[in-house]
Amino acid sequence: MVDAAGSPSGNQTLSFLLRRFAEAGIRPRTKLGQNFLVDLNLLRLLFRSAEIGPDDVVLEVGTGTGSLTAMMAEQAAVVVTVELDSQLFQLAEEELHGAANVRMLQIDALKNKNRLQPELLEAVGLELDAASGRQFKLVANLPYSIATPLLSNLLALDRPPQSMTVTIQKELADRITAAPATKDYGALSIWIQSQCRVELVRVIPPSAFWPRPKVHSAIVRLELDSERRGRISDRDYFHRFVRAMFFHRRKFLRSELLSVMKNRLDKPAVDRILDEMGLDGTARAEALDVPAMLALCERMRREDLEA
């Protein structure tokens with residue numbers, strides 16, 4: 001578990017990992033995004049940034065060796081931790097032996113690209129309902145390959161995490177935090193910023209991980225903003241609309257809307273709506289900030305309802 005100095009069990013240093021992996025006769029599987037954070041100061045920064053409290057049900061995706069899990073279990077009501085790799089799952093079970101408030105699941109967190117694993121949601125839901133006042137949080141050193149669909153799908157839930165504090169690829173962090181009219185601004189930026197306050201906590205070099213990835217990473221914290229989220233009339237429609245608006249990124253706004261509303265609105269109708277909303281049809285979708293995209297989506301949704 002956690003020692004008196006607040007260090008995770010086994011101290012997830014490079015020497016610890018090399019020894020434990022040799023003992024278990026396993027090797028990291030990079031195709032599963034198994035890059036372990038071996039800088040303990042950064043591991044603790046991830047942990048502190050999550051601000052875990054005694055009423056929190058924490059979801060961790062990517063248990064790894066269980067070092068972060070053990071730290072969180074000292075603070076949280078419950079940690080629900082998911083590990084796909086059977087060998088790592090067994091190793092983590094040994095490290096977390098005796099942790100009564102840790103629920104370990106050996107599953108893929110995603111059912112498919114657009115859907116979370118029902119077993120994961122059921123486990124989290126049961127823990128949230130087990131006592132009054134409990135809050136849902138995501139805290140994880142996320143495998144790169146699932147970070148985007150995991151964050152996106154969690155925000156699509158009726159009962160999303162109150163905060164998500166994660167280590168992800170810096171390129172993804174740039175997209176999440178991007179401002180309008182920049183190269184990284186797109187559907188993901190809008191989807192997340194329309195519901196969350198976003199903070200880039202720290203950029204992390206490849207040397208902080210083992211095995212070393214080829215790219216930089218970042219710790220980001222996303223805090224759910226109920227006021228922002230409340231402005232979205234239909235989250236599913238908004239999610240589909242925003243993704244469609246960036247499907248052909250170089251198209252002008254008028255052309256993109258015609259594609260999105262194909263067989264529902266003709267060019268004169270689209271031009272009329274753009275004119276009424278004061279939008280330039282020759283601009284591109286990335287020129288619209290979050291409020292403008294929300295307003296445009298809501299107008300299109302009403303047109304669909306009236307059609």
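Where a number appears in this text, it was derived from the coordinates with a stated rule and is not lab data. In this text, all values refer to a predicted model and were calculated from it rather than measured experimentally. All Cβ positions, even for glycine, are placed from backbone atoms using ideal geometry, and neighbour counts span all protein chains on display.
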For this session: Report, for the chain, the % of DSSP beta bridges that are antiparallel, rounded to 5.
Result: 55
Exercise. Can you list the lysines whose alpha carbon is less than 16 Å from that of residue 267, not counting same-chain residues fewer than 8 positions off?
Worked result: 251
For this session: Choose one of 260, 139, 239: the residue whose Cα lies farthest towards the positive end of the charge dipole of the chain (beta-carbon charges +1 Lys, Arg; -1 Asp, Glu; about the Cα centre).
Result: 260
Seminar exercise, completed: For residue 119, placing the label point 7 angstrom along Cα-to-beta-carbon and taking region 65-84, residues whose amide nitrogen sits under 18 Å are 79-84
For this session: Only Lys, Arg, Asp and Glu count, each charged at its Cβ (+1, +1, -1, -1), so figure out the dipole size of region 23-176 about its Cα centre, rounded to 20 debye.
Result: 540
For this session: Determine, for each peptide in 291-298, 79-86, the mean count of other beta carbons within 10 angstrom over its residues, then list the peptides with the highest first.
Result: 79-86, 291-298
For this session: Select one label from [x] 64, 47, 33; [y] 69, 43, 29; [z] 57, 47, 33: the one whose number is Cα extents along the principal axes in Å as derived from the coordinates shown.
Result: [y]
For this session: With r as the distance between the Cβ atoms of residue 267 and residue 304 and R0 = 25 Å, compute the FRET efficiency 1/(1 + (r/R0)^6) and round to 0.05.
Result: 0.90
Problem set entry | Hits among lysines - C-alpha to C-alpha of residue 31 under 16 Å, sequence gap 8 or more where chains match | 214
